Amino acid sequence: MAGSKVGSIGEYIREQRTRAKISLRQLADVSGISNPYLSQIERGLRKPSAEILQQIAKGLRISAEALYVQAGILEERESDTDVQAAVRADGLLTERQKQVLLDIYASFLKENEATGVLGADIAESAESAESAEPRQDAPEQDVPEQDMPEQTRAEQNGKEEVG
């Protein structure tokens, strides 16, 4: 199984590199790894260390954790939510920014869990808020008289006289 992981990490790196539309030489330059060594990794001939994987991840602008899991260095954790996957996949964010966003998201999830708010409750309340008619008991907002349509001004004036 370890042999298959070595090949799969190389295939995974190659796939990520082609998705990023960078050449082997460009990745070697930005990651600080020699071109021949990187080529051997991609072909499954060499097993990269965690440090080398971190350099490759930085060059590809992807999570080093993803490479560690692919290489068998880390155990795969629970599958990500859509939000977590989107944050991790965003190439415009730095690793630090991604981690901060993920930490904030995790704190929101823990808070909701502690207060007993479930995902379904949140979805239902969002749906009902979108489809709800304006509340009849909602307080009226003060609108300057010059901004009111003429009919509304007359109604307002009528209310003031009565009340």
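Observations on the model:
- Taking the conditions (1) on the phi < 0 side of the Ramachandran plot; (2) modelled with pLDDT under 85 in turn, GLY116 satisfies each one other than (1).
- Residue check, VAL69 touching an Asp or Glu at 6+ places or on another chain (Cβ under 7 Å) and either in contact (Cβ under 8 Å) with a residue 12 or more places away in the chain or closer than 20 Å to GLU11 by Cα (or both): yes
- Search result, residues across segment 6-28 that are surrounded by fewer than 16 Cβ atoms within 10 Å (Cβ to Cβ) and under 12 Å from GLN70 (Cα atoms): GLY7, SER8, GLU11
- Members of segment 67-97 found to be surrounded by fewer than 17 Cβ atoms within 10 Å (Cβ to Cβ) and among the basic types (Lys, Arg), listed by number: ARG77, ARG96
- Residue match in segment 101-111 (condition: of a type in the set (Lys, Arg), open to solvent by 100 Å² or more (accessible area, probe 1.4 Å), at pLDDT 75 or above and closer than 30 Å to LEU38 by Cα): no
- When segment 87-97 is filtered for residues that are in a helix (DSSP H, G or I) and either within 10 Å of ARG61 (Cβ to Cβ) or in contact with a His (Cβ under 7 Å, 6 or more places away or on another chain) (or both), only GLU95 remains.
- For segment 29-61, the set of residues classified as of a type in the set (D, E, K, R), modelled with pLDDT of 90 or more and open to solvent by 60 Å² or more (accessible area, probe 1.4 Å) consists of ASP29, ARG43, ARG46, LYS47, GLU51, LYS58, listed by residue number.
- Unmet criterion (only one of (1) open to solvent by less than 40 Å² (accessible area, probe 1.4 Å); (2) over 22 Å from the mean Cα position of the chain (by Cα)) for ALA64: (2)
The values are calculated or read from the model by the stated rules, or taken from the named source; none is laboratory data. On a predicted model such as this, the values are computed, not experimentally measured, just so you know. No Cβ is skipped: glycine too gets one built from the backbone with ideal geometry, and neighbour counts run over all protein chains shown. Accessible surface areas use protein heavy atoms only, side chains included; no ligands, DNA or RNA. Shrake-Rupley method; radii C 1.70, N 1.55, O 1.52, S 1.80 Å.
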